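A short worksheet on the structure shown next.
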Amino acid sequence: PLTLPSPSLPSFLPSFLPSFLSLPPSLFLSDRLQLFIGLRQRRSWVWNQFFVLEEYTGDEPLYVGKLHSDVDKGEGQVKYVLNGQGATSIFTIDENTGDIHATKRLDREEQAYYTLRAQARYRENNLPVEPESEFVIKVQDINDNEPKFLDGPYSARVPEMSPVGTSVVTVVATDADDPTYGNSARVIYSILEGQPYFSVEPKTGVVKTALPNMDREARDQYLLVIQAKDMVGQMGGLSGTTSVMVTLTDVNDNPPHFSRKSYQFSMSESLPVASVVAKIKTLDSDVGPNAEMEYRIVDGDGLGLFRITPDRDTQEGLVTLQKGLDFETKSSYTLRVEVSNRNIDLRFLSLGPFSDTATVRLIVENVDEPPVFSLPLSKMLISEAAKVGTTIGTVSAHDPDSTNSPIRYSIDRNTDLERFFNIDATTGVISTAKPLDREVNAIHNITIFAMESCKCSYSALSAGIILITVTDINDNAPVFAIDYETYLCESARPGQVIETISAIDRDEPQSGHRFFFSLTAEAAGNLNFTLRDNKDNTASVLTMRGGFQRHDQTMYRLPVFIMDGGSPALSSTNTLSIRVCDCDPDGAPQSCGSEASMLSAGLSTGALIAILACILTLLVLVLLIVTMRRRKKEPLILDEERDVRENIVRYDDEGGGEEDTEAFDMVTLRNLKVVRESGGKTRRDVTPEVPTLFLSSRPPPDNGIFRDFIWDRLKETDVDPSAPPYDSLQTYAFEGSGSAAESLSSMDSLSTDSEQNYDYLSDWGPRFKKLADLYGHSGDGNLFAS
């Protein structure tokens, strides 16, 4: 039997044996190993301890164990070889003695065990003494890792006023040490900061409330520090900490209340309906849905006049106006309002009523109100036969203020551009200003302005609508309903109806239209046609004979007398044109009037169409040729080589005229005093200097006539409905009653008594030769003698 080599088993082996036996069987060769120390029956292997402590910090390599074969007699013939995980890099073996050492510091948390293979070989030929055997070196854990909160820091929420023991959050710490060995990984939780408000379960890490009635309104956040310590919290254990931010959420535990018990607000009587007249501030320490308010008016003298609702954003009570105010009727109102929470928590009803009341006084301020019409919409009737100045009706308005100021009336001329109506500014009587025509405009919609006569501000103005309906009189005679084109076939028989006519009348009698048809006295005795009144506002035209020939007469004109049933009755004579035509067997006209002569010459309808088509084709060809020639002369697209910037445009214009202010001084025509003082200015279109001719001694006319003329034209343009709606330039050719320059004609200046000498015209050159011949010799007699 083999004996174990020295040294003997380590002293910690009895305590470590259970842990070693708990390793997975796959890590060992169970059919080869008999004992933990590696004693083999068939291969005669013996090795010592296979455990090594982690985090060894000594200077020398750490002894792990010893390999020994019973074949080795100590004569140096056997050497030991180590292979596998960490061989030669971490673990080394003395090939002579079989001692195994760890050359590096090991960390169990990085690798808990190493699997290696050992073999004994003959040193002489390197042949194996026996096959390799596999063994395990396990790294023995020490407490070198503190607990860590991988999910920290934490944040949690818990309702305020929660009972003691309410769970807030669960914290979890992880220890990287071996949980199967000792207490290195057994963690205990404790709270370092946050007491006495919260506590933590030592084993589970559940954080709970420790005090009742924690009030969010007093403090809404708590910072907790939780510690986790290994070694079951014993002395020497490692620890880690994390923070937990606990926020108290709101519950409805505070009733609302008004900031004051009474309020007073002022409001203008001119405020429109739905206006906010007051904002009432309400206090509630809660937030969110727990602070939402409900308001109602419980008492007061304005129950139907006001309404109170909460503001969505501020939860203030908004008092809004439901009806119009009138200072003269009532100048103040008193309301009693109540506020309550919309969402009430039944758990806290014992804290008191969740409502409050306050008194609101509303003062109405007087304003200068515009006049009020007795009827905002008035309807009036006027006959279109009414003369200018006829009274149509009266509008009435009054001042609602206590001052009861008199009212002045006016018409909005934008609604009466043609000024058909006038209104008395004091009485409000509306009358006609122009004759009316119902057929042109049957209804006039005008606006009447009313304002206090003692006020000049436009703010005190109100408007009323007047609908004036123009009633009808019989002032329009009946006429043909349409322009009739009547055709008479040559084959027509006597008594045949060739046309049925009707009439229209622009008037609209209440009993409806009634028309009477007849031939005029001149046409009553004709032998060709007759007229039959159908008594239904129509009449039939009949032939009195047959045998009409277009060769004899192509057109007949029949005067028809039409009279209406009005009082007084009106009538008119309308001429019906009847053309004689060649008709087909069905009575449809084929050719009429001037076409007959062409057809009689032997030209058929097809021939005429062909001739017209040829003429049209020739016209199109001529237009195409002309268009092409124009395009060649004036191309629409410029040549690439042609640059418009290189073109020089030349104008043979001598200038002058009243628009050329450079060639002629316009001041001469505008102010004669300047001419007298300056003695004239030199024209640029002549060479010599010429004295000013025929200066007038009359004073210039008064500019007032021009101002009056322009002012009259301006007023006409303002009321002209056809004038453009934008600013425009109006030009008027008006010279006035006299000209400051007098006549520009030379008729009076060429008399024999003239002292003017025109001999200098001969020096002006060829252009003025004709004038020199006419004016150059003043002593030759009268100009028109020759």
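Just so you know, in the range 102-115 the residues that are at pLDDT below 85 and open to solvent by less than 60 Å² (accessible area, probe 1.4 Å) include one that is farthest from residue 50 (Cα to Cα), and it is 109.
Just one of the numbered conditions (1) outside any loop (DSSP other than H, G, I, E, B); (2) closer than 29 Å to residue 351 by Cβ is not true of residue 196: (1).
Among the residues making up the range 505-527, those that are closer than 14 Å to residue 560 by Cα and surrounded by fewer than 16 Cβ atoms within 10 Å (Cβ to Cβ) are 520, 521, 522, 524, 525, 526. Checking the structure you have, find out if any residue of the range 122-135 is surrounded by 17 or more Cβ atoms within 10 Å (Cβ to Cβ), charged (D, E, K, R) and assigned to a strand (DSSP E or B). Scanning the range 122-135 turns up no residue that is surrounded by 17 or more Cβ atoms within 10 Å (Cβ to Cβ), charged (D, E, K, R) and assigned to a strand (DSSP E or B). Taking the conditions (1) on the phi > 0 side of the Ramachandran plot; (2) free of Cβ contacts under 8 Å to residues at least 24 places away in the same chain; (3) not polar (S, T, N, Q) in turn, residue 86 satisfies each one other than (2). Determine, yes or no, whether residue 323 is more than 30 Å from residue 160 (Cβ to Cβ) and open to solvent by 70 Å² or more (accessible area, probe 1.4 Å). Taking the combined requirement at face value, the residue satisfies it. Can you pull out every residue in the range 201-211 that is part of a loop (DSSP other than H, G, I, E, B) and either open to solvent by less than 40 Å² (accessible area, probe 1.4 Å) or at pLDDT below 90 (or both)? Within the range 201-211, 205, 210 qualify. Within the range 484-502, the set of residues being on the phi < 0 side of the Ramachandran plot, open to solvent by less than 70 Å² (accessible area, probe 1.4 Å) and assigned to a loop (DSSP other than H, G, I, E, B) comprises 484, 490, 492, 496. From the list 278, 228, 274, the lone residue that is closer than 28 Å to residue 363 by Cα and in a strand (DSSP E or B) is 278. Residues in the range 242-277 that are surrounded by fewer than 19 Cβ atoms within 10 Å (Cβ to Cβ) and hydroxyl-bearing (Ser, Thr, Tyr): 243, 247, 249, 259, 262, 266, 268, 270, 275. Figure legend. Inter-residue proximity from the range 306-332: first residues over 18 Å from residue 294 (Cβ atoms), second residues modelled with pLDDT of 90 or more and of a type in the set (S, T, N, Q), beta-carbon distance below 6 Å, spacing 6+ or different chains. Indicated pairs: 321/275.
The criterion of at least 2 residues that are open to solvent by 60 Å² or more (accessible area, probe 1.4 Å) and in contact (Cβ under 8 Å) with a residue 24 or more places away in the chain is met, among strands (runs of 3 or more DSSP E) falling completely within the range 354-421, by 355-365, 377-383, 391-394. Residue check: residue 89 meets all listed conditions (1) touching a Phe, Trp or Tyr at 6+ places or on another chain (Cβ under 6 Å); (2) among the small types (Gly, Ala, Ser); (3) farther than 24 Å from residue 71 by Cβ but one, namely (1). Residues that are of a type in the set (Phe, Trp, Tyr) and closer than 20 Å to residue 572 by Cβ occur at least once in the range 467-488.
The values are calculated or read from the model by the stated rules, or taken from the named source; none is laboratory data. Predicted model, so just to flag it, every value in this text is computed and none were measured. Note that each Cβ is placed from the backbone with ideal geometry, even for glycine, and that neighbours are counted across all protein chains shown. For the accessible areas, the whole protein counts, side chains as well, though only heavy atoms, and no ligand, DNA or RNA atoms are used. Shrake-Rupley method; radii C 1.70, N 1.55, O 1.52, S 1.80 Å.
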